[in-house]
Each structure stands twice: as C-alpha cells, then as structure tokens.
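A quick write-up on the structure given underneath.
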Amino acid sequence: MSTTKPLGPFKLVTVNTAPERAYRLIGRVVENVKDKYTIIHAGNADTSMWTPEEAKSIHAEAKEIMGPQLKTFALPQGLQVSRGPDAVVEFIEENLPALLEG
C-alpha cells in the first residue's frame with residue numbers, strides 16, 4: 001500500500017473584513033483537503049472591501065514584491081452574502097487544484 005504525501009506546505013494569508021470568519025472558513029477548507037494539501041493559514045489582513053480594479057492592482061504589486069512563486073486568488077464579489085459560507089468553501093476547494101498544481 002502506498003501513501004501519497006500531501007503537496008505543500010502552502011502558506012495562506014487571507015484578506016477579509018471579518019477575520020474570525022476567514023479563520024473559520026479556511027479551517028474548514030484545510031480540514032477538507034488535508035490529505036491532498038498542507039495549508040498553513042498564516043494570518044489575515046483586515047481591510048475594507050476592494051473594487052475589482054483595486055484588487056487587480058494589489059495582486060500585481062504583491063507579485064512584483066514576492067516574485068512569481070506568489071499565487072493570488074479572489075472570491076467572486078458578494079459570494080459570501082449571496083450564497084453563504086458553504087458556497088465559499090466549495091468555491092475555494094474547486095479552484096485549489098488549478099491554483100496550487102497549475
């Protein structure tokens with residue numbers, strides 16, 4: 001019997017106006033994917049909501065500072081409000097393979 005070691009570790013920083021919600025939702029994701037990925041939720045940056053243009057600018061600046069190894073990911077605006085926390089967890093989990101393995 002062979003066991004596959006999870007990919008990672010990947011350090012994750014969330015940007016959310018509700019840090020406790022970010023920790024709770026990411027905790028669910030980390031638990032759900034732990035057999036495939038090792039994800040460390042390193043922290044949360046508490047900030048106001050960004051426009052799509054501001055998010056694009058911030059992502060570009062972060063990549064310039066950190067280099068090509070930095071991967072960024074954004075939830076669709078309003079997903080949490082319109083569809084709830086389960087939809088957020090589902091969206092993240094569906095997009096992780098392309099983000100982390102792509």
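The values are calculated or read from the model by the stated rules, or taken from the named source; none is laboratory data. Keep in mind that this is a model prediction, so the values were computed, not measured. Every residue, glycine among them, receives a Cβ derived from its backbone with ideal geometry; neighbour counts consider all protein chains shown.
Which residues, counting only those in the range 47-68, are over 14 Å from VAL13 (Cβ atoms) and either touching a helix residue (DSSP H, G or I) at 6+ places or on another chain (Cβ under 8 Å) or polar (S, T, N, Q) (or both)? Within the range 47-68, SER48, TRP50, THR51, SER57 meet the criteria.
In the set GLU64, GLU93, GLU53, GLU31, which member is touching a residue at least 40 places away in the same chain (Cβ under 8 Å), out of contact with any Asp or Glu (no Cβ under 9 Å at 6 or more places or on another chain) and surrounded by fewer than 16 Cβ atoms within 10 Å (Cβ to Cβ)? It would help to see each step written out before you state the result.
Numbers: GLU64 fails: touching a residue at least 40 places away in the same chain (Cβ under 8 Å); GLU53 fails: touching a residue at least 40 places away in the same chain (Cβ under 8 Å); GLU31 fails: touching a residue at least 40 places away in the same chain (Cβ under 8 Å).
On inspection, the qualifying residue turns out to be GLU93.
Yes or no: THR72 free of Cβ contacts under 8 Å to residues at least 24 places away in the same chain and either in contact with a Pro (Cβ under 9 Å, 6 or more places away or on another chain) or within 21 Å of PRO6 (Cα to Cα) (or both)? Yes. Answer yes or no as to whether GLY27 is outside any helix (DSSP H, G or I) and at pLDDT 90 or above. No: the conditions fail for GLY27.
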